[in-house]
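Worksheet: the structure to be examined is printed underneath.
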Amino acid sequence: MKLETVLLAVGPSDADRSGKLAEAVLEVATPADATVVLAHVFTSDEYNDVLDRLEFDRTVDEIDPDAVAARHSTIHELRDVFDEHDVEYEIRGAVGDHGSSIVDLASSSGADRVVVGGRRRSPTGKAVFGSTAQEVLLSAPCPVTFVRSDEHAD
């Protein structure tokens with residue numbers, strides 16, 4: 001299987017692990033000369049908060065989620081890393097449930113690999129279903145790489 005497209009999905013809690021996420025993507029995308037799709041998924045509430053914080057003009061009929069994602073700080077940091085390593089990328093944004101939106105973006109972009117981040121879970125946390133990473137791992141149309149942060153969460 002040829003690796004042409006890697007979807008890197010980031011969300012509101014990924015700012016602290018953006019370096020690890022970038023490293024994981026560079027390891028697979030660089031040797032394959034793959035394009036990276038930098039994707040930021042927002043829930044409706046997160047999207048409205050970001051629109052306010054980034055001072056988007058809400059009088060415009062529709063604000064493109066791709067434009068909102070492109071202005072997000074985590075995407076800026078990742079974009080800088082990929083520019084530095086001459087990795088081609090595109091930026092995509094989506095509004096909806098994190099897990100299902102990431103799976104949809106993986107399908108629509110033709111991703112050959114998805115990279116997501118998450119926290120290390122305690123034994124109790126592992127028994128809790130519904131995490132974004134779990135949904136992506138179980139439902140993505142391609143292999144998924146999970147990048148764990150060092151922080152511990154229940």
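The values are calculated or read from the model by the stated rules, or taken from the named source; none is laboratory data. Keep in mind that this is a model prediction, so the values were computed, not measured. Counting neighbours? That spans all protein chains shown, and the Cβs are built from the backbone with ideal geometry, glycine included. Keep in mind that these areas ignore ligands, DNA and RNA; they rest on the heavy atoms of the full protein, side chains included. Shrake-Rupley method; radii C 1.70, N 1.55, O 1.52, S 1.80 Å.
Computed values, structure above
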item: Residue satisfying all of: in the range 12-21; assigned to a helix (DSSP H, G or I) and not aliphatic (A, V, I, L, M); farthest from TYR89 (Cα to Cα) among these; result: ASP16
item: Residue list for the range 1-60, restricted to those being among the basic types (Lys, Arg) and either in contact with a strand residue (DSSP E or B) (Cβ under 6 Å, 6 or more places away or on another chain) or modelled with pLDDT of 90 or more (or both); result: ARG17, LYS20
item: Residue tally, condition open to solvent by less than 10 Å² (accessible area, probe 1.4 Å) and more than 16 Å from VAL136 (Cβ to Cβ), over the range 1-41; result: 4
item: Subset of the range 119-154 (residues that are at pLDDT below 90 and among the small types (Gly, Ala, Ser)); result: SER122, GLY125, ALA127, GLY130, SER131, ALA133, SER149, ALA153
item: Total residues in the range 67-80, condition surrounded by fewer than 16 Cβ atoms within 10 Å (Cβ to Cβ) and of a type in the set (Asp, Glu); result: 1
item: Condition broken by VAL50, with the remaining ones in (1) in contact (Cβ under 8 Å) with a residue 24 or more places away in the chain; (2) open to solvent by less than 10 Å² (accessible area, probe 1.4 Å); (3) not charged (D, E, K, R) satisfied; result: (1)
item: All positions within the range 81-118 that are at pLDDT below 95 and open to solvent by 80 Å² or more (accessible area, probe 1.4 Å); result: ASP97
item: Only listed residue being touching a residue at least 12 places away in the same chain (Cβ under 8 Å), β-branched (Val, Ile, Thr), within 12 Å of VAL115 (Cα to Cα) and touching a Leu at 6+ places or on another chain (Cβ under 8 Å), chosen from VAL28, VAL81, VAL68, VAL6; result: VAL28
item: Total residues in the range 72-117, condition in contact with a Pro (Cβ under 6 Å, 6 or more places away or on another chain) and of a type in the set (Lys, Arg); result: 1
